[in-house]
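Undergrad: One structure, as structure tokens, below. Some questions next.
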Amino acid sequence: MNPVPDSTPAANERTPEELLRIIFDYTARIGSQRSLKSVLLLMANMGREMILADRCTVWLIDRSSGELFTTIAHGVNEIRQPLGSGFVGHSVMTGENLLIEDAYADPRFNNANDIRTGYRTKSIITVPFVGNDGSIIGAYQAINKLTPQAVFTERDLEQLKLAASYAGKSLESVMLHEEIVATQREIITTMGEIGESRSKETGNHVKRVAEYSYILAVGFGLPPEEAELLKLVSPMHDIGKVAIPDSVLNKPGKLTEEEFELMKNHAEIGYNLLKSSARELLKTAAIVAHQHHEKWNGTGYPQGLKGEEIHLYGRITAIADVFDALGSERVYKKAWELDRILSMFNEERDRHFDARLVDVLNDQLPAILEIRERYSDL
């Protein structure tokens, strides 16, 4: 719904029926979201529609930097300002709801955003969001009523408070979910680097494999969200190496048959470390750790899977890992030249690798090489 300014009183206020419809519609949609950005956008639109504001912004507190920020503000991109600055800073510091008729007449007004955007703020409502523990996590801010006077009323303030009470709990839930996901990402990256460091690899190896996996996944046709998931978990592909003896991991010469059998255990070990998690990230990481050494013709390990029995994530990570390993100097070999690497991949179509993914590798080679240069070990 896009409200249209109208000078008649009926057009400038929502009926109770309209308010209920907006609340029920938006709270149902907000409650189904797992993305913070999606929730913030829905909340901003909900507030704007409820009180017929020209603009509505959802502010959050970034305690690490001592700032307030928003990535969802009608008419502008991300805004950041000091924690105690402006009307919104006053509200989150004091917990006070604000109804300001003339922003420029109030000394608390921070007009920096007006100057930057050319917008003219008249009337403002600011309502803090309170979390389950009573702490303030952010604030709603509505700007300029869609009337000729562009001034909000006490009724508008009460309605925005109502919107905050309905949407605030969902906001806190999604913020907690994203914090958990961010923590998982950090753990996965760190553990991946630990696994590689055991075999004298650099952290850049796991970064390159992650980026290659994303490029290959998108090139194969996976949605960006799924490709991003694979990018996040691929650094854990060799986590099982933490249990392999240094004498085997860092042996400068060719491994004996017995040593190779011991090395092969890292795929099963990595899987067993990760498989019991109920978290999507770690469950996906378990698949990658388990299957990235399987081969299309069934001669890989540890399960001897064949063709599409191998999960797509394992097939993609296998190409990303082998491409980077061959192009990197290791304790047991020199780096291969690019032409030799590409010849090997083309020879191994439908033997070691899924031929369709080899085609994607060839198609996406410029992007792959750009990543290799960006995260060079030199």
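Bear in mind these aren't lab numbers, they're just calculated from the coordinates by the rules spelled out. All figures in this text were calculated on a predicted structure; none of them were measured in a lab. Reconstructed Cβ throughout: ideal geometry from the backbone, glycine too, with neighbour counts over all protein chains shown.
Undergrad: Checking the table Lys241/Lys295; Lys37/Lys169; Lys306/Lys333; Lys37/Lys241; Lys231/Lys275 against a 26 Å threshold on Cα-Cα, which pairs fail?
TA: Among Lys241/Lys295; Lys37/Lys169; Lys306/Lys333; Lys37/Lys241; Lys231/Lys275, the Cα-Cα distance tops 26 Å for Lys306/Lys333; Lys37/Lys241.
Undergrad: Using 7 Å Cα-to-Cβ label points, what is the Ser65/Leu338 separation (nm, one decimal)?
TA: Calculated label separation equals 3.6 nm.
Undergrad: On each of the three principal axes of the Cα atoms of region 199-374, give max minus min coordinate, whole Å, ordered largest first.
TA: Largest to smallest, the principal-axis extents are 41, 39, 32 Å.
Undergrad: By how many degrees, 0 to 90 and rounded to 10, does the Cα axis of helix 154-198 deviate from the longest principal axis of the chain?
TA: Rounded to the nearest ten degrees, it is 20.
Undergrad: Report, in deg cm²/dmol and to the nearest 500, the calculated mean residue ellipticity at 222 nm for the chain, where each DSSP H run with n ≥ 4 adds -39500 (n - 2.57) and the sum is divided by the residue count.
TA: Using -39500 (n - 2.57) per qualifying helix, the result is -17000 deg cm²/dmol.
Undergrad: With axes computed from alpha carbons, what is the tilt in degrees of helix 203-220 against the longest principal axis of the chain, rounded to the nearest 10 within 0 to 90?
TA: 80 degrees
Undergrad: Which label marks the calculated value of percent of Cα pairs over 28 Å apart, given the options (1) 57; (2) 51; (3) 40?
TA: Of the listed options (1) 57; (2) 51; (3) 40, (1) comes from this structure.
Undergrad: Treating the angle as unsigned and between 0 and 90°, give the value, to the nearest 10°, between the Cα long axis of helix 312-326 and the longest Cα principal axis of the chain.
TA: 60 degrees
Undergrad: Assuming R0 = 51 Å, can you tell me the calculated FRET efficiency for the pair Glu309 and Arg21, based on Cβ-Cβ distance, to the nearest 0.05?
TA: 0.50
Undergrad: Within region 13-90, list the GluC sites (Glu not before Pro) lying in a DSSP loop whose Cβ has at most 11 other Cβ atoms in a 10 Å radius.
TA: Within region 13-90, the qualifying GluC sites (Glu not before Pro) (loop, at most 11 other Cβ atoms within 10 Å) are Glu78.
Undergrad: Let me ask another. Subtract the Cα-Cα distance of Asp359 and Ser38 from 0.36 nm times their separation in residues, and report this length gain in nm to one decimal.
TA: Full-extension gain reported as 112.1 nm.
Undergrad: Let me ask something additional. Multiplying the sequence separation of Leu162 and Arg185 by 0.36 nm and subtracting their Cα-Cα distance, what value in nm do you get?
TA: That pair, Leu162 and Arg185, stretches by 4.7 nm at full extension.
Undergrad: Give me the distance between the Cα centres of region 102-136 and region 300-323, rounded to whole Å.
TA: Cα centres, region 102-136 to region 300-323: 54 Å.
Undergrad: Additional query: Considering the zone a paramagnetic label at Glu225 would reach in this model (a point 7 Å from Cα along the Cα-to-Cβ line), which residues of region 155-177 have amide N under 18 Å from it?
TA: Counting backbone N atoms under 18 Å from the label point, the list is 171, 173-177.
Undergrad: Something else: For the chain, what is the charge dipole size about the Cα centre, in debye to the nearest 20, if Lys and Arg each add +1 at the Cβ and Asp and Glu each add -1 at the Cβ?
TA: So the magnitude is around 180 debye.
Undergrad: Packing-wise, with mean Cβ within 10 Å as the measure, how do 53-62, 257-266, 161-170 rank, highest first?
TA: Peptide ranking by packing, descending: 53-62, 161-170, 257-266.
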